[in-house]
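The values are calculated or read from the model by the stated rules, or taken from the named source; none is laboratory data. Everything numeric here is computed off the predicted structure, so don't read it as measured data. Counting neighbours? That spans all protein chains shown, and the Cβs are built from the backbone with ideal geometry, glycine included.
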Amino acid sequence: MTLLGNFALWAALLFGIWGAALAFSNRWHGRPEVALSITRSVYAVFAACVVASVALWKGIIAHDFNMEYVWAYTSRNLPSGYLFSAFWAGQKGSLLFWAVVLSLFAALAQAMTPRRYAPLMPYVAGVTSAVTVFFVAVMLFSGANPFERLPFTPVDGRGLNPQLQNPGMMIHPPMLYLGYISITIPFAFAMAALLSRKLDTGWIHAMRRWMLVSWLFLSIGITLGMWWAYVELGWGGYWAWDPVENASLLPWLTMTAFLHSVMIQEKRGMLKRWNLSLVVGTFLLSIFGTFITRSGVIASVHSFTQSNVGYYFLAFLFLIAVASYTLLYTRWPLLEADVELESMVSREAAFLFNNLLFVGIAFSVLWGTLFPILSEAVRGTKITVGPPFFNKVNVPLGLLLLALTGIGPLIAWRKASVNNLRRQFAFPVGSGLFVGAVLAALGVRELAPLMTWGLAGFVTGTIAQEFWRGTRARVRMHAESAPVALGRLIARNRRRYGGYIVHLGMLVYFVAFAGMAFKVQREATLKPGESVELKSPFGHTYTFTHVGISQFKELNRYVSAATVEVAVDGKPDGRIVSEKRQHFTVNELGTEEASFEPSTEVGIRSGLREDIYIVFAGAVNGTEEAVYRFNINPLVWWVWAAGFILTFGGLITMWPGGGTPAASRRSAPQAGYGVELATARAGTEQ
Amino acid sequence: MRRRAFLSFQQDTTRQAPVASPRAGQGDVGTLFNPDVAGRPRAPTVEGDNDALVRNTELKLQCTCGCTLDIFTCRTTDFTCTYSPALHREVVALFAEGKTSEQVIAAFVDKYGEKILMAPKPEGFNIAGYVVPGAAILIVGGIVAWVIRRRVRRSAEDAAEQALAPLPPAATGTDAELERLNRELAEMEK
């Protein structure tokens with residue numbers, strides 16, 4: 001298998017170099033057979049990467065512990081589901097996973113892009129092949145080859161880190177990778193547009209769905225990562241501003257900025273340079289995230305083991321940045337805006353400031369992540385930049401962004417009149433003030449949550465108003481029932497109303513995040529039968545009674561399960577179990593021995609209002625007396641709900657069909673009539 | 001079955017597990033079947049562990065084990081860490097000496113260096129850390145607003161000049177065509 005795997009990697013490398021060299025040589029102009037060869041090289045790279053992946057999976061499933069990677073990340077007693085996910089659990093396997101998924105996306109882009117974009121496709125193939133070649137080369141030449149063999153064959157492997165033995169880890173890393181990797185396709189289209197000088201909105205139409213796919217995968221990946229951190233790490237939260245978490249947020253922020261600003265280019269022919277810069281920046285940030293994760297240059301709980309692989313990524317990042325922005329600079333004069341902004345009070349201006357905030361927050365997160373390095377370079381002193389710093393700097397920016405989420409859709413395109421503003425803002429502002437007043441009357445005094453929930457009321461008002469007016473218009477115009485009108489409203493304008501559903505998801509995230517300001521926790525040592533009480537932010541009194549600790553053996557671990565009886569306001573409410581797990585493998589003598597440190601499984605009961613979160617910290621001197629941490633975490637359920645809402649909205653937005661984009665309408669053949677525009681415009685103002 | 005299977009594995013005959021655990025207030029508690037697989041032995045919680053002042057102070061100090069977490073989170077999460085419990089005891093001891101939270105933090109900085117802080121103090125070069133992102137957004141936002149305002153004014157002036165120029169004869173349209181144009185313009189305004 002290792003021979004086949006190595007052979008496949010070399011084949012992928014050579015096919016990739018062939019495709020990229022042909023594409024960038026420009027010899028395919030007017031020579032369809034050369035263009036075809038470029039396209040076929042993309043498919044060949046994909047086939048070679050698939051063969052390499054199958055070889056690795058075969059080694060994992062066959063427990064070929066002579067393969068260093070298989071030995072390092074699996075064991076005979078590893079549950080079969082985790083054998084599957086062991087593929088991407090380590091540095092080397094994840095690089096191969098990256099290469100195979102990228103080659104798949106590259107092949108799909110070639111196969112699925114409509115023929116009218118054919119002049120762009122050889123360049124797209126060239127860029128995707130070049131990036132794939134880089135990943136394959138890193139595997140082959142930097143000591144990160146997953147097909148490396150050991151000089152002997154161990155009886156069993158070291159096993160998978162217990163924290164990675166969680167269903168979330170089977171989906172979270174692939175989702176994040178899919179998000180990171182698919183960014184390459186929009187980047188390839190942007191480069192193709194610049195190289196071919198075809199800088200109309202064609203490249204945007206060709207790649208917009210790819211950008212949405214990428215954004216959706218990254219959103220799902222980030223949310224799943226939060227879920228994994230919450231249920232597996234046991235610290236009671238879901239976001240810690242860890243450098244690797246930050247690295248995943250950075251491209252998401254710039255991508256979200258692009259998805260907004262691209263609408264201005266499509267509708268008004270503005271922000272062409274800015275949009276290209278955002279696509280390039282997003283790709284660079286995805287490579288930067290990979291560098292952070294794999295270099296160990298910044299301390300993080302998520303990092304792969306320290307290796308020199310990271311520096312390959314740094315060099316690649318530098319190379320791509322110089323090449324892309326130089327190319328952009330040379331095409332600068334071709335990227336003039338079609339029209340000028342007409343007013344500061346317009347949707348275009350609102351989108352511009354929304355972009356400024358997205359990119360500003362991305363800069364702020366990047367700045368905080370890199371500040372320890374900067375500080376050490378300037379002052380020679382090591383410092384830590386942790387959650388208190390990020391919260392202080394980013395919470396105000398996040399609130400501003402939330403406000404703009406509500407403001408943007410209320411302002412008309414081109415220029416908003418005072419009457420228009422008054423009519424549009426009355427209900428949303430009223431709903432925001434109402435929510436704020438009710439919460440203040442209920443005794444909420446913390447400024448940040450109060451502002452968050454008040455602004456969430458405002459944004460809810462905006463979204464509700466948009467849906468209400470759209471539905472009402474359809475009911476009047478087409479005599480439809482309200483549910484039918486609402487369904488058709490969304491179906492006929494998926495991008496707009498799917499976008500509002502995404503906004504709804506975002507505001508639910510914000511509402512849920514603010515809830516964590518009210519979490520309560522306490523530690524307690526309990527003998528069996530002893531209880532401890534905890535008052536929740538919603539006014540309930542929880543009584544936790546320690547039942548006892550039972551021990552048993554599972555497939556690859558010994559489990560010590562501590563059980564707690566829960567009562568809410570004196571009424572029994574079931575039991576929650578938290579566990580300590582000691583994983584083991586079998587050594588050469590056939591006896592079991594501990595692998596990894598003991599891990600903790602949190603006991604969680606999730607509710608709409610609050611989560612009960614119990615951590616069994618350990619037993620006192622080997623007795624059934626248990627040390628616990630009890631948490632009441634408000635509104636956490638809504639974080640996961642927000643993820644579903646956002647995904648649902650994203651799917652609606654990217655679903656094929658659903659009306660012609662405005663840009664296409666604008667570029668459609670002229671209707672053949674001429675009227676005095678002033679008269680017509682006056683008509684629309686009324 | 002599982003439990004029986006477990007009992008046959010490395011059973012410690014000197015340690016007799018109780019058949020049923022005693023309930024509260026009934027004296028001694030039973031021992032575990034195999035304490036070796038139940039994680040690091042824990043000391044019972046003391047009242048200082050739940051002290052809000054201690055907790056809030058520990059949230060501002062980093063554990064030195066390399067986990068990147070604060071002392072409180074590390075000691076209540078990573079139960080294999082031996083650093084955070086020791087640091088916790090240091091914090092409790094300093095409070096017992098009558099020190100304030102600020103003095104405890106200062107004592108930690110003296111002993112372990114500035115890296116022990118979860119966020120740098122906003123002084124000297126560190127101020128840049130806090131101020132630069134917001135300032136950058138304000139400055140860029142100001143420049144963008146200024147550029148937009150200037151361009152809007154220039155466009156308005158151009159429009160005024162064009163308004164003074166004699167208009168070419170306007171094309172006319174039927175009511176139906178006007179209605180259609182209005183509809184399409186309204187659609188574009190969305």
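Data table
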item	result
Test: residue in the stretch B:121-132 that is small (Gly, Ala, Ser) and in contact with a Ser or Thr (Cβ under 7 Å, 6 or more places away or on another chain)	no
Criterion violated by A:ASP242 - all others in (1) more than 30 Å from A:VAL322 (Cβ to Cβ); (2) crowded, with 21+ Cβ neighbours inside 10 Å; (3) within 14 Å of chain B (Cβ to nearest Cβ) satisfied	(1)
Residue within the stretch A:163-185 that is touching a strand residue (DSSP E or B) at 6+ places or on another chain (Cβ under 8 Å) and either hydroxyl-bearing (Ser, Thr, Tyr) or in a helix (DSSP H, G or I) (or both) present	yes
Subset of the stretch B:101-118 that is closer than 15 Å to A:ARG379 by Cβ and of a type in the set (A, V, I, L, M, F, W, C) - its residue that is surrounded by the fewest Cβ atoms within 10 Å (Cβ to Cβ)	B:VAL109
Residue in the stretch A:563-577 that is crowded, with 22+ Cβ neighbours inside 10 Å, in contact with a Leu (Cβ under 9 Å, 6 or more places away or on another chain), in a strand (DSSP E or B) and modelled with pLDDT of 95 or more present	yes
Counted residues, the stretch B:45-72 - those being facing chain A (nearest Cβ under 7 Å) and of a type in the set (Val, Ile, Thr)	2
Residues (crowded, with 18+ Cβ neighbours inside 10 Å and under 29 Å from the mean Cα position of the chain (by Cα)) located in the stretch A:472-492	A:LEU489, A:ILE490
Positions within the stretch A:317-332 being over 26 Å from the mean Cα position of the chain (by Cα) and either among the hydroxyl-bearing types (Ser, Thr, Tyr) or not in a helix (DSSP H, G or I) (or both), in sequence order	A:THR326, A:TYR329, A:THR330, A:ARG331
Residue count, the stretch B:127-153 (criterion: of a type in the set (Val, Ile, Thr) and either touching a strand residue (DSSP E or B) at 6+ places or on another chain (Cβ under 8 Å) or more than 7 Å from every other protein chain (Cβ to nearest Cβ) (or both))	5
Failed condition for A:LEU534, given (1) within 12 Å of another protein chain (Cβ to nearest Cβ); (2) without any contact (Cβ under 8 Å) to a residue 60 or more places away in the chain; (3) part of a strand (DSSP E or B)	(2)
Answer from A:ARG115, A:ARG149 - the residue that is of a type in the set (Lys, Arg), touching a strand residue (DSSP E or B) at 6+ places or on another chain (Cβ under 7 Å) and surrounded by fewer than 24 Cβ atoms within 10 Å (Cβ to Cβ)	A:ARG149
Residue match in the stretch B:73-82 (condition: modelled with pLDDT of 90 or more, among the aromatic types (Phe, Trp, Tyr) and either in contact with a Ser or Thr (Cβ under 7 Å, 6 or more places away or on another chain) or under 15 Å from B:PHE108 (Cβ atoms) (or both))	no
Unique residue being at the interface with chain A (Cβ under 7 Å from one of its Cβ atoms) and either surrounded by fewer than 15 Cβ atoms within 10 Å (Cβ to Cβ) or touching a residue at least 12 places away in the same chain (Cβ under 8 Å) (or both) when the list is B:ARG42, B:ARG75	B:ARG42
B:VAL152 assigned to a helix (DSSP H, G or I), free of Cβ contacts under 8 Å to residues at least 40 places away in the same chain and surrounded by 15 or more Cβ atoms within 10 Å (Cβ to Cβ)	yes
Matching residues in the stretch A:120-155 - criterion: being in contact with a helix residue (DSSP H, G or I) (Cβ under 8 Å, 6 or more places away or on another chain) and aromatic (Phe, Trp, Tyr)	A:TYR123, A:PHE134, A:PHE135, A:PHE147
Selection count where residues are in a helix (DSSP H, G or I), surrounded by fewer than 16 Cβ atoms within 10 Å (Cβ to Cβ) and touching a residue at least 40 places away in the same chain (Cβ under 8 Å), scope the stretch A:428-471	1
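Yes or no, residue by residue, for (1) assigned to a loop (DSSP other than H, G, I, E, B); (2) crowded, with 22+ Cβ neighbours inside 10 Å; (3) modelled with pLDDT under 95; (4) within 14 Å of another protein chain (Cβ to nearest Cβ):
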| position | (1), (2), (3), (4) |
| --- | --- |
| A:THR600 | no, yes, yes, yes |
| A:GLY607 | yes, no, yes, no |
| A:ALA617 | no, yes, yes, yes |
| A:ARG629 | no, yes, yes, yes |
| A:ALA641 | no, no, no, no |
| A:ILE645 | no, no, no, no |
| A:GLY657 | yes, no, yes, no |
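Residue-wise test of (1) at the interface with chain B (Cβ under 9 Å from one of its Cβ atoms); (2) in contact with a Leu (Cβ under 7 Å, 6 or more places away or on another chain); (3) over 22 Å from A:PHE288 (Cα atoms); (4) of a type in the set (A, V, I, L, M, F, W, C).
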position	(1), (2), (3), (4)
A:GLU376	no, no, no, no
A:THR381	yes, no, yes, no
A:ALA426	no, no, yes, yes
A:GLU446	no, no, yes, no
A:MET451	no, yes, yes, yes
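Condition check ((1) touching a Pro at 6+ places or on another chain (Cβ under 8 Å); (2) at pLDDT 95 or above; (3) within 21 Å of A:PHE427 (Cα to Cα); (4) within 14 Å of chain B (Cβ to nearest Cβ)) across all residues:
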residue: A:LEU455; (1), (2), (3), (4): no, yes, yes, no
residue: A:GLY461; (1), (2), (3), (4): yes, yes, yes, no
residue: A:SER481; (1), (2), (3), (4): no, no, no, no
residue: A:ARG488; (1), (2), (3), (4): no, no, no, no
residue: A:ILE501; (1), (2), (3), (4): no, yes, yes, no
residue: A:LEU504; (1), (2), (3), (4): no, yes, yes, no
residue: A:VAL511; (1), (2), (3), (4): no, yes, yes, no
residue: A:THR525; (1), (2), (3), (4): yes, no, no, yes
